[in-house]
Amino acid sequence: METKFEMSMMGELNFFLGLQFNPKELHFNAVKRILRYLKGTPNLGLWYPKDSRFDLTAFTDVDHAECKLDRKSTSGSCQFIGDKLVSWTTKKQNCVSTSTVEAEYVAAARCCSQVLWMKTQLRDFGYNFKRIPIYCDSKSAITITANPVHHSKTKHIYVRYHFIKDHVGKGDIEMHFVQTDFQLADLFTKSLDEKRFQFLISKLGMLSS
């Protein structure tokens, strides 16, 4: 089955939406990037062969304080069944993160929430997953998820994001470090040069018809 989808430059899109009442040159430039992407990728799509593996994995990433208006960070994540992309998201965080580690931790918590929802849905079809790997390029954020004690430096992080620690402790998920060069969720958080962009969409399983 092949499905086409538009992975427009979501960082710029989030930046643009909600500010239509007072557009500026930087918003216009963001829209031009989106339109250039759409023009250059009309034939891209995802291909799901029937003999694909059926293990669940995820990647999470963030751009820290990149919004020039409110300095909020944008979380990005993508989930795979086997090596095929089945879910992806990009969303501006609700709070201003005081550090890259905090922003990465919040993004990981959002990704964990999506993974747990997918785990529940797949259980209805007879698939039971434990220790689902989530790949993150911040060793410090991974350390926080594995630490059962709330460190003084994490007290200011909203309590609702700490549920990820509980699920790491239960063995529902596992946090793994991945080098930034192989962080597939990069595509959902920041603008990239053409070489990096082409590399990532190939790793996401996008093919041209």
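No value in this document is a laboratory result; all are computed from the given coordinates. Quick caveat, the model's predicted, so the values are computed rather than measured. Neighbour counts run over all protein chains shown; Cβ positions are idealised from the backbone, glycine included.
Computed over segment 87-131, the P(r) curve from all C-alpha pair distances, binned at 10 Å from the origin, holds 24, 41, 24, 11, 1 percent per bin.
What list do you get for F177, F188 if you sort them by fewest beta carbons within 10 Å? Walk me through the numbers before you get to the answer.
Values: F177 12, F188 26.
The order, fewest Cβ neighbours first, is F177, F188.
Proximity of backbone amide H atoms, modeled 1.01 Å from N, is registered between D83 and R53 at under 5 Å, excluding neighbours fewer than 5 places apart on the same chain. Phi angles of segment 174-182 translate, via the Karplus equation with coefficients 6.51, -1.76, 1.60 and θ = phi - 60°, into HN-Hα couplings of 10, 8, 10, 7, 9, 4, 4, 4, 10 Hz per residue; Gly and Pro are given as x. For the peptides 97-110, 47-60, the ranking by mean Cβ contacts within 10 Å, running from highest to lowest, is 97-110, 47-60.
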